1. Which of the numbered conditions does residue 224 fail, given that it passes all the others? Conditions: (1) outside any helix (DSSP H, G or I); (2) of a type in the set (Lys, Arg); (3) more than 16 Å from the ligand (Cβ to nearest atom).
2. Go over the candidates 206, 245, 202 one by one and state the one that is crowded, with 17+ Cβ neighbours inside 10 Å, within 14 Å of the ligand (Cβ to nearest atom) and polar (S, T, N, Q).
3. Can you tell me which residue among 256, 212, 193 is outside the structural domain of residue 136 (by TED's automatic domain parsing), more than 16 Å from the ligand (Cβ to nearest atom) and in contact with an Asp or Glu (Cβ under 9 Å, 6 or more places away or on another chain)?
4. Residues of the range 273-305 being surrounded by fewer than 16 Cβ atoms within 10 Å (Cβ to Cβ) and part of a helix (DSSP H, G or I), which ones?
5. Pick from the range 5-18 the residues that are within 11 Å of the ligand (Cβ to nearest atom) and touching a helix residue (DSSP H, G or I) at 6+ places or on another chain (Cβ under 6 Å): which of them is nearest to residue 320 (Cα to Cα)?
6. Specify which of the listed residues (134, 80) is assigned by TED's automatic domain parsing to the domain that holds residue 41 and within 11 Å of the ligand (Cβ to nearest atom).
7. Looking at (1) within 30 Å of residue 325 (Cα to Cα); (2) surrounded by fewer than 15 Cβ atoms within 10 Å (Cβ to Cβ), find the lone condition where residue 240 falls short.
8. Identify the residue in the range 1-33 that is among the small types (Gly, Ala, Ser) and modelled with pLDDT of 95 or more and, among all such residues, is nearest to residue 164 (Cα to Cα).
Amino acid sequence: MTSNYEKARVKVPASTANLGPGFDTLGMALPLYAWIEMEEASETVFHLYGGEMAGLPQDKSNLLYQVAQLVFAEAGVEVPELSISMYSEIPLTRGLGSSASAIVGALAAANVMIGSPLSDARLFDLATALEKHPDNVGASLFGGIITAVWDGTHADYIRIEPPENLEVLVVIPEFELSTTKARGVLPTEIGIGDAVHNISRTSLLTAALASGRLEMIGRAMQDRLHQPYRAALVPGMEKLLAEATAHGALGIALSGAGPTLLCMVDREESRKAELEQFLLATMQEHGITARTRWLEPCSSGVRAELAPRNGMQNQSFLDMIKGETSI
Ligand code: HSE
């Protein structure tokens, strides 16, 4: 069919949220990716690749479709039928921002498809309104580390370039944990002592990351707002939080709502193998199968570009990402 609109291709990174004390505030992009291709079609079709995509709806209730329609509505254009392809290597419901990546990827794809009428700031507001907190979506959108504030309508943020010596080790349990469940165990009110505890550590952590003061990270990554309540949902988490720094981590936190845990590590650290072994052995002691991944903080956020509209679409989509996927 002929279309007034371009075909869009997007590559969007995963993310970790909170970094310990910065609940719903701090986020960092990580180099696991989702790729999305979107174009106008005569009828809506989906091509969802990768085991993580199995079981997602393939009709107009699909999140990617719904998110794209928000962009079109805001821009005042109508594109009711879409061809959407997606491949994701981001583990689902593990605390690595898979839903945030899908939201940001679909927003960016729909926007670039119709000539980019919406600014990045507007995309951030739309993404945060959908996700309800700005930490994961901000990191996927802008890359690096972000500190963000959401007032219910607008998200303000500052992006921080990750310190050069910072590496990340994640331990990803095999089981899934939904964000809804992990938010459901949180108290609705907290004491002033815990509030001060977290404000002070979040401030220290943000300053430490912005100035490359890695030696401050361990003490700054302490949290009393969410991790103590979520520990019961992740066997082994309490021991990992208490002891990882004795095995070479600068600091450790639950990644987002979990169940993945994330260690910040100095690139020069000599006990990397020991740390990895400690994480896996502790999970195993608690009956949990898990895998580890070393990751660099990811400086780039979502990348959206136009693609040629002709040719064997699905073949070229898979060709585009061949050689890039890391799992
Ligand atoms: N800040 C969020 C939470 C991230 O901890 O619940 C999960 O999406």
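1. Failing condition for residue 224: (3).
2. Exactly one of 206, 245, 202 is crowded, with 17+ Cβ neighbours inside 10 Å, within 14 Å of the ligand (Cβ to nearest atom) and polar (S, T, N, Q), namely 202.
3. Details: 256 fails: more than 16 Å from the ligand (Cβ to nearest atom); 193 fails: in contact with an Asp or Glu (Cβ under 9 Å, 6 or more places away or on another chain).
Every option except 212 fails the conditions.
4. Residues satisfying the conditions are 273, 274, 277, 281, 284, 285.
5. By that ranking, first place goes to 15.
6. 134
7. (2)
8. By that ranking, first place goes to 29.
The values are calculated or read from the model by the stated rules, or taken from the named source; none is laboratory data. All values reported here derive from a predicted model rather than from experimental measurement. Note that each Cβ is placed from the backbone with ideal geometry, even for glycine, and that neighbours are counted across all protein chains shown.
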